[in-house]
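Values in this text are rule-based calculations from the coordinates and carry no lab data. Keep in mind it's a predicted model, so treat the numbers as computed, not measured. With ideal geometry, Cβ positions are generated from the backbone for all residues, glycine too; neighbour counts draw on all protein chains shown.
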Amino acid sequence: MTRFARSLAAPAPGWTIHADVIVVGSGIAGLTAALELRSKVDRVLVVTKGQLSSGSTVWAQGGIAAALHPEDTPEEHLQDTLVAGAGLCSEQAVRALVTEGPDRVHELVARGANFDTGPDGDITLTREGGHHRDRIAHAGGDATGAEISRALVAQLAAIRDDPGIEVIENAMVVDLLTAAPNADGGPGPVCGVTLHIIGEGSRDGVGAALAKSVIIATGGIGQVFRSSTNPSSATGDGLAAALRAGAAIADLEFVQFHPTVLWQGSAARGQQPLISEAVRGEGAYLLNAAGERFMVARHEMAELAPRDVVSKGIVAMMEEEDSDNVFLDCRHLGTAFLRERFPTIGERLAERGLDMARDLIPVAPAQHYHSGGILTDLRGRSTVQGLYAVGEAACTGVHGANRLASNSLLEGLVFASRAAADAATTIADGTVRQLEPVSRPGPTALVPATARPQIQSVAHRGAGPVRTESGLVRAVDRLGSLRARFHQDVPAPAMPQTAEWETSNVLTTASVLTAAALERQETRGGHLREDFPERDDERWRVRLAAALDGDGELGLLRAPIELS
């Protein structure tokens, strides 16, 4: 296999700043980590590629899951999560999630998040696919993520004059900085980042931010695919940077395709409008071209089955009918209810000439969430000293082969708090200290932005909702050829700038994802192999971890499900 780059082609840093901890990303995980760290270390730097409020969290419609009702229990939440994860969840990680989750949600309320409440003042709880209890808290009907983001950004904005915290917006982290390799030749500790600042300000170009620890909270990988519900910034930056720095990444093959994304035609690209699972949670039906409910015969929970089951059911129905979409029917729920419960979705559909209360909504699966990411332990630590990962960029083991609906926001809360506490402790006790970065050997990379549509098409055809050996072999080969063309020890064929760095990360992520999907010869959760349709616990109840050696060669190895 073609070697991978160990760094991206970029100008030498023209300036340097220092912090105790750098947090990269401004979704629920990044902002929570930053707020937790502010009182625990002397100096925190928050870096985000857009504005503070532009993280993936703002797009979350459904809500946040937690056992908040007196009749619900963390144990029941745990069991639902383990079932959805198809045998690959870390029970230790899930137990941390469900037991600490309610307290973290209450802390979020204390930070100003306004969830929808009933006449008694208690948080209103609803149900989504895979849950056997009403345990989804939401805000503004279908604007939960936007409300959570607003509250956390407001908290951070209130302390921006604090000399102990600095926020740099419109800045892309190009690479992680690493110190000299350890005694056995393994990856050196992470000791900062290089970043490029876009637009006006006192700093511009590429600079270096040095720190004792870095927390990656960069979100998902949606732009690896032709069609995704993720924002345009979701180009796998944190995952790719961690891989180049020597960290292990895991479970990349488990990609959740949301069952109900608005179908806008075969030419649609980029971020697509999501029709929240909460719509089905409130009673909407999935219909085929004949107007028949087809999920009833496919799973005991029908439309409320786990997302991978519903997505597979939709793909199978589209193949049976030779159609591009199925339909979501919520007409029987009534105009008044739909307007109150789903105002944001209703507005987005109205912009496209659709009325939720009168029209059938054409839907099809699209990439939505990535269960894989930077491999971490229960404290958010990666396999490289000084590097943490939280939120969708991390692989904590919580989701296993498929994320249970609305567990992602909760994971961001719980594990960001854990990572922040651990990072602060290791600084206070001297376990980590500021180290000097050194250059990493191996080829550099810079992929022209014009190559992105080709990469996305190859990734989607090979590693989309339904996968085969032949399709994955073609994808691995084609992506390898692109890396060979653009990863080299010669001057880069394009100018180093944001679009090229992002496209380089898209290619890296797509390459490892397709390699892992080819390796796992079974169907499980978000990984559907048409040529291996059955789940194989005897051979594949393991996590596939990937890492680069010092020469940029990719290695895939089987890792245990439970990590200490």
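Table for the structure above
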read-out	value
Phi-based couplings in Hz for region 358-374 (Karplus 6.51, -1.76, 1.60; Gly and Pro marked x)	10, 10, 6, 9, x, 9, 7, x, 9, 4, 10, 8, 10, 6, x, x, 6
Amide H partners (placed H, <5 Å) of Leu556, local residues excluded	none
For Arg452, Arg535, order by how many other beta-carbon atoms lie within 10 Å, fewest first	Arg535, Arg452
Extension reserve of the Ala297-Asn114 stretch, reckoned as 0.36 nm per residue once the Cα distance is removed	62.0 nm
Order of Met495, Met318, Met301, Met172 - criterion: other Cβ atoms within 10 Å of each residue's Cβ, fewest first	Met495, Met301, Met318, Met172
Whole-angstrom gap from region 410-439 to region 492-564, using each part's C-alpha centre	26 Å
Cα-based helix-to-principal-axis angle, 91-110 vs the chain, degrees rounded to 10	80 degrees
Derived scalar couplings ³J(HN,Hα) [region 533-550; Karplus, 6.51 cos²θ - 1.76 cosθ + 1.60; whole Hz; x for Gly, Pro]	x, 9, 6, 10, 5, 5, 9, 10, 7, 9, 9, 8, 9, 10, 7, 9, 7, x
Nonlocal amide H pairs with Val23, under 5 Å, H built at 1.01 Å	Leu45, Val46, Val47, Ile215
The chain: angle of helix 452-463 to the longest principal axis, Cα-based, in degrees nearest 10	60 degrees
5 angstrom amide H check on Ala9, placed H, neighbours 5+ away	Ala445, Leu446
Using θ = phi - 60° and Karplus 6.51 cos²θ - 1.76 cosθ + 1.60, couplings along region 435-448 (whole Hz; Gly, Pro as x)	10, 8, x, 10, 6, 8, x, x, x, 9, 9, 7, 9, x
Residue order, fewest to most surrounding Cβ atoms within 10 angstrom, among Lys312, Lys212, Lys40	Lys40, Lys312, Lys212
Nearest-0.05 FRET efficiency for Asp184 and Ser232, computed from C-beta distance (R0 35 Å)	0.30
Angle between the chain longest axis and helix 28-38 axis [Cα atoms, degrees, rounded to 10]	50 degrees
For region 259-365: relative contact order, % (alpha-carbon pairs under 8 angstrom, 6 or more apart)	35 percent
